[in-house]
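Scroll down for the structure; my scribbles are underneath it.
The values are calculated or read from the model by the stated rules, or taken from the named source; none is laboratory data. From a predicted model like this one, the values you see are computed outputs, not experimental measurements. FYI the Cβ positions are ideal-geometry reconstructions off the backbone, even for glycines, and counts take in every protein chain you see. Heads up: the accessible areas ignore ligands, DNA and RNA and are worked out on the full protein's heavy atoms, side chains in. Shrake-Rupley method; radii C 1.70, N 1.55, O 1.52, S 1.80 Å.
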Amino acid sequence: MNVIFLDVDGVLNSVSNLIKVYNETHKSHSGYSYPFDPDCLENLKELVAVTKSNLVISSNWRYSQKGMEKLLKTLSKYDLDKLVIGCTPALGLSRCTEIKKYLSDFKLADTVNFVILDDDRDIKDLSQYLVHTDRQVGLTKENVQQAIKKLTRLYIKEDDDFER
């Protein structure tokens with residue numbers, strides 16, 4: 001099974017889209033009114049389709065019912081809401097610790113391939129699973145390609161005996 005641990009701010013929304021929306025509407029946005037970037041959502045849709053992944057919300061948006069409702073409503077416009085299988089636990093600890101706890105609680109650590117989409121680099125010892133996004137532009141085509149590579153790479157032990 002493939003799982004994408006999904007942050008929202010800086011991944012599904014971006015500073016450049018916020019500026020664009022403001023210039024078009026002259027309406028300021030903050031908090032859960034922050035506009036989602038349609039390009040980022042299309043990129044997520046492509047990533048999920050190619051890798052047949054499920055989504056686990058690791059974003060701070062999971063702390064708020066209003067935030068989760070807006071997120072799921074937005075994901076539903078892209079047929080992605082049904083792929084959300086859960087949220088990382090709200091432990092008040094690092095995102096890395098919360099992701100590890102999720103994997104441990106559901107006994108997924110050895111049976112799942114996963115990536116972490118996040119604009120924050122503080123993922124500590126899970127950094128090899130991180131696809132770091134730029135909050136200025138959110139999830140890009142390049143990020144999608146990185147995530148695909150991480151989710152589809154084969155791990156071969158050095159002592160495996162096979163013909164190359």
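Restricting attention to region 29-80, which residues are β-branched (V, I, T) and in contact with a strand residue (DSSP E or B) (Cβ under 8 Å, 6 or more places away or on another chain)?
If we filter region 29-80 for residues that are β-branched (V, I, T), which is where we start, we get 48, 50-51, 56-57, 74.
Within region 29-80, V48, T51, V56, I57 qualify.
If you check every pair at least six apart or on different chains, which have Cβ atoms under 8 Å apart with a residue in region 141-164 that is polar (S, T, N, Q) first and a residue that is assigned to a helix (DSSP H, G or I) and at pLDDT 85 or above second?
Within 8 Å, the pairs are N143/N43; T152/T51.
What about K73, is it modelled with pLDDT of 95 or more and among the basic types (K, R)? Give the steps one after another, and end with the answer.
Working: modelled with pLDDT of 95 or more: yes; among the basic types (K, R): yes.
The answer is yes for K73.
Listed residues D79, D119; which is within 21 Å of G138 (Cα to Cα) and either touching a Gly at 6+ places or on another chain (Cβ under 8 Å) or of a type in the set (K, R) (or both)? It would help to see each step written out before you state the result.
On the way: D79 fails: either touching a Gly at 6+ places or on another chain (Cβ under 8 Å) or of a type in the set (K, R) (or both).
From the options D79, D119, the qualifying one is D119.
Find the residue count for region 22-49, including only residues that are in a helix (DSSP H, G or I) and either open to solvent by 30 Å² or more (accessible area, probe 1.4 Å) or touching a Phe, Trp or Tyr at 6+ places or on another chain (Cβ under 8 Å) (or both). Full working, then the answer.
Taking region 22-49 first, the residues in a helix (DSSP H, G or I) are 22-25, 31-33, 38-49.
If we keep only those that are either open to solvent by 30 Å² or more (accessible area, probe 1.4 Å) or touching a Phe, Trp or Tyr at 6+ places or on another chain (Cβ under 8 Å) (or both) as well, we get 22-25, 31-33, 38-39, 41-42, 44-46, 49.
Counting residues in region 22-49 that are in a helix (DSSP H, G or I) and either open to solvent by 30 Å² or more (accessible area, probe 1.4 Å) or touching a Phe, Trp or Tyr at 6+ places or on another chain (Cβ under 8 Å) (or both) gives 15.
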